[in-house]
1. Taking the Cα-to-Cβ direction at Asp181 and at Asn157 and moving 7 Å from each Cα, how far apart do the two end points lie in nm?
2. Can you check how the C-alpha radius of gyration of the range 94-161 compares to 2.2 N^0.38 Å, as a plain ratio?
3. By how many nm would the segment from Glu33 to Ala106 lengthen if fully extended, with 0.36 nm per residue of separation less the alpha-carbon distance?
4. Run down the lysines and flag those whose C-alpha is under 23 Å from the C-alpha of Lys126, throwing out any fewer than 8 positions away in its chain.
5. Looking at the square roots a ≥ b ≥ c of the eigenvalues of the Cα gyration tensor of the range 86-226, which shape do they give, rounded for a/c under 1.5, prolate if a/b is larger than b/c, or oblate?
6. Residues of the range 21-55 with backbone nitrogen within less than 15 Å of a virtual label 7 Å along the Cα-to-Cβ line of Tyr10, please, listed as ranges.
7. Pop a pseudo-label 7 angstrom from the Cα along the beta-carbon direction at both Gln116 and Lys193 and give the gap in nm to one decimal.
8. Between Ala88 and Asp221, what length in nm is gained on full extension when 0.36 nm per residue of separation is reduced by their alpha carbon distance?
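The values are calculated or read from the model by the stated rules, or taken from the named source; none is laboratory data. Being a predicted model, the structure only gives us computed values, none of them experimental. Methodologically, a virtual Cβ is constructed for each residue, glycine included, from the backbone with ideal geometry; neighbour enumeration extends over all protein chains shown. These accessible areas exclude ligands, DNA and RNA; they are computed on the full protein's heavy atoms, side chains included. Shrake-Rupley method; radii C 1.70, N 1.55, O 1.52, S 1.80 Å.
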Amino acid sequence: LLLENLAGEYLTPASEQWRESLLDLGELLYEEERYQDATRRLDEAVVRYPDDPRALATRYLLAEAYRRAAKEAEGQLQEDLPGAGRMASTKRIGQLYQQSLDGFLALRDLLSERQQTQDLTQNEQKILRNACFSIGDIEFALGRYPQAIEAYSNATNRYQNTPEVLDAYVQIANAYRRLGDSGQARSALEQAKAVLGRMKKDAPFTSATNYDRTQWSELLDYLSEL
């Protein structure tokens, strides 16, 4: 029905129904995990309707769709793929990650600037937080470990009392390991332990991360021993 609205002869892009159909279709394709299709529709919506009330959420969904498309393509990359084909697929994955990164960087900068002059809505706060952590994730996925460390460090400084920073500290340690700096990796894990010790007992560990407080303590001890 949404496709009929967009392709039919009765509605035009200037109509509210056409605009809403495009936005809804992009979201639907994302929910169906058809990320490549979703990026095309969401990108079109962002370009056509930059001032729509849903534009910010659509931009966030577009950045996330690019990232998920990249991860999906990584999973499909075959080890025995011929050299030229593998090179092309790897290049495409890098492009998808970069498009995602560009989107998250733009959202972070936009909302950080807005935050200086007005209070962000709850939804805007969530988008800003997720963008900050996602930037580190993508830099890491691209193998740009110094940039990943910087992005994760910025996120941990901004959200130092939230459980999400524990994931960031672990990734900082992983990045330092990839760079061959075991001392800094160990230091990052010790910072994570200190932050964990300061967190409130009712902090939402299981809703924000994959582990509860006890599991985080055990994991950080295990990683430190490595």
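1. Roughly 1.5 nm, to one decimal.
2. 1.11
3. Separation in residues times 0.36 nm, less the Cα-Cα distance, equals 23.9 nm.
4. Lys126 reaches Lys71, Lys200, Lys201.
5. Oblate shape, in that a/c is at least 1.5 and b/c is the bigger or equal ratio.
6. 21
7. Calculated label separation equals 3.9 nm.
8. Numbers: separation 133, 0.36 × 133 = 47.88 nm, distance 4.08 nm.
The span from Ala88 to Asp221 would gain 43.8 nm if fully extended.
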